[in-house]
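Step one of this worksheet: look at the structure below.
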Amino acid sequence: MPLINVKMTHEDGGATKEQKEALSKGITELFASIFDGRGAKSAVVIIEEPQFKS
């Protein structure tokens, strides 16, 4: 099972739930296309939005 971590900044309010779902789906599809279908149904995409203090 592929475990894919994505870290993105929380700029301008961050990503919406819909955007995160689309990102997760797109990453999973790309992974599966590169690795001959592996992970298409079992990939786990974790999206983290660390908040930085300036």
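Throughout, read-outs are computed from the coordinates displayed, never taken from laboratory work. On a predicted model such as this, the values are computed, not experimentally measured, just so you know. Cβ atoms come from the backbone with ideal geometry, glycine included; neighbour counts cover every protein chain shown.
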Counting only backbone N atoms under 14 Å from a point 7 Å out along Cα-to-Cβ of GLN51, the residues of segment 1-43 in range are 9-15
Ordering 38-49, 3-14 by per-residue average of other C-beta atoms within 10 angstrom, highest first, gives 38-49, 3-14
Candidates for log10 I(q)/I(0) by the Debye sum over Cα atoms at q = 0.15, 0.25, 0.27 Å⁻¹ are (i) -0.46, -0.94, -1.03; (ii) -0.62, -0.93, -1.00; (iii) -0.69, -0.94, -1.00, and the calculated one carries label (i)
Any lysines whose Cα falls less than 24 Å from that of LYS25, other than same-chain ones fewer than 8 residues away, would be LYS7, LYS17, LYS41
Taking the dipole of segment 3-48 about the Cα centre (Lys, Arg +1; Asp, Glu -1; charges at Cβ), the one of MET8, PHE35, VAL45 that reaches farthest to the positive side is PHE35
Scoring the chain by relative contact order with C-alpha pairs under 8 Å, at least six apart, yields a percentage of 61 percent
